[in-house]
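Worksheet: the structure to be examined is printed underneath.
What follows is calculated from the coordinates using simple rules that are stated; it is not laboratory data. Everything numeric here is computed off the predicted structure, so don't read it as measured data. No Cβ is skipped: glycine too gets one built from the backbone with ideal geometry, and neighbour counts run over all protein chains shown.
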Amino acid sequence: MSSSRPEAEGPGDNKLGLTSGQVVQELGWDEDADENVRVMVEDSIDGELFEEVMEAAEVVLMWWRDSDGDLADGLVDALTDLAEDGYVWLMTPKVGREGFVDPTDVAEAAVSAGLSVTIGVSVSSDWAANKLVRPKSGRR
């Protein structure tokens, strides 16, 4: 199978659990974002990433570096267009890479934003991903 897009196979392939048709909003993109990860996400959802969404996003793909400011504020902003049962994949540079975000800072920011860190995965040689979800409520 040939494609003009970069190959997305590798460490991040299929680790984000995305499915075809999901609406994914991308925030914090910059030139340092891993294009192969972006292509893997687009291939997984069989669609494009959106900076602005017209309907509630099921997933927010959020690129964040230590120099981007207050992570808790960034996460609160990421919830603006997120569906009630949606989640955030927070992409941060790995240890030793420029812009590295300490895992303790991720955990504290998640709690401040009303989220919980569920899993972390390596998606490329430079980027790690943490899945952040809203805690399950007692409502029925």
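Against the test of being surrounded by 15 or more Cβ atoms within 10 Å (Cβ to Cβ) and either in contact with a His (Cβ under 9 Å, 6 or more places away or on another chain) or without any contact (Cβ under 8 Å) to a residue 60 or more places away in the chain (or both), the options Glu26, Glu48, Glu84, Glu52 yield a single qualifying residue, Glu26. The set of residues from segment 50-71 being in a loop (DSSP other than H, G, I, E, B) and within 23 Å of Ala110 (Cα to Cα) comprises Glu51, Glu52, Val53, Ala56, Trp64, Arg65, Gly69, Asp70.
Report, by residue number, each residue of segment 94-112 that is surrounded by 20 or more Cβ atoms within 10 Å (Cβ to Cβ) and outside any helix (DSSP H, G or I). Val101 - this is the single residue of segment 94-112 that is surrounded by 20 or more Cβ atoms within 10 Å (Cβ to Cβ) and outside any helix (DSSP H, G or I). Pairing residues of segment 104-119 that are within 12 Å of Leu75 (Cα to Cα) and free of Cβ contacts under 8 Å to residues at least 12 places away in the same chain with residues that are among the charged types (D, E, K, R) and part of a strand (DSSP E or B), at Cβ distances under 6 Å and at least 6 apart in sequence or on separate chains, gives no pairs at all. Among all residues of segment 68-75, there is at least one that is under 22 Å from Lys136 (Cβ atoms) and in contact (Cβ under 8 Å) with a residue 24 or more places away in the chain.
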